[in-house]
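Student: Okay, here's the structure, questions in a sec.
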Amino acid sequence: MKVKKMFTLIGAAGLLLAVFVSCSNGTGADSITEESIQGVWEIKRLGTEVYPTPMGSGEQRLYFCFDKGSLIAAVKIDGMSDPNKNGLFKSTSGTYEVLSGNNVKITIGGGSGIVPFTLSGDTLTSSFEGESFEAQRTASPTVQDIKAAPEVTP
């Protein structure tokens with residue numbers, strides 16, 4: 001990837017995944033089920049970082065795709081002056097398993113952890129150790145779009 005700031009983006013997605021893997025215990029308002037978590041979630045806030053974020057002349061959006069036990073992190077870049085730098089890219093993948101008590105076991109690379117989620121309508125949140133995460137269910141990109149996106153590695 002020719003976008004220098006892509007590494008920052010991948011780092012942010014990696015940080016989000018690392019945060020997921022490091023937290024434990026939690027409850028939520030609505031029940032987390034395999035069906036309720038399936039689909040694509042656009043990251044709106046990670047800690048104090050609000051998304052989408054500026055990137056050069058454009059912006060970047062982060063996504064998590066939950067699909068039948070597979071978890072894929074992705075980024076979408078729009079508005080760059082060089083159109084070759086725009087697009088949807090998947091950056092990290094792993095697996096997930098819905099557990100009781102609104103917890104989800106996330107496995108990425110060699111690590112795994114239990115993530116407490118709160119689901120309220122189309123908003124998915126998690127809060128732990130003074131940090132928080134918020135995502136909104138989105139219809140675009142789709143699960144199929146993310147699966148078909150080119151993979152980017154740092």
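Student: How would 107, 48 rank on accessible area, largest to smallest, probe 1.4 Å?
Tutor: Largest to smallest exposure gives the sequence 48, 107.
Student: How far apart, in nanometres, would the label points at residue 36 and residue 48 be if each is projected 7 angstrom from Cα along the Cα-to-Cβ direction?
Tutor: Going from the residue 36 label point to the residue 48 one covers 3.2 nm.
Student: On to the next question. Determine the gain in length on full extension of the stretch residue 82-residue 136; use 0.36 nm per residue of separation and subtract their C-alpha separation, reporting nm with one decimal.
Tutor: Contour length minus Cα-Cα distance gives 16.6 nm.
Student: With every protein chain left in place, what is the accessible area per residue of the range 69-154 in square angstrom, probe 1.4 Å?
Tutor: Heavy-atom accessible area per residue stands at 48 Å².
Student: Determine the principal axes of the Cα atoms in the range 65-154, then give the extent along each, sorted from largest to smallest and rounded to whole angstroms.
Tutor: 45, 29, 26
Student: A further question follows. Suppose we keep just the alpha-carbon trace of the range 47-105; what are its Rg and Dmax in angstrom?
Tutor: 14.7, 47
The values are calculated or read from the model by the stated rules, or taken from the named source; none is laboratory data. Not measured: the values here are computed from a predicted model. Every residue, glycine among them, receives a Cβ derived from its backbone with ideal geometry; neighbour counts consider all protein chains shown. The accessibility values were calculated without ligands, DNA or RNA, using every heavy atom of the protein model including side chains. Shrake-Rupley method; radii C 1.70, N 1.55, O 1.52, S 1.80 Å.
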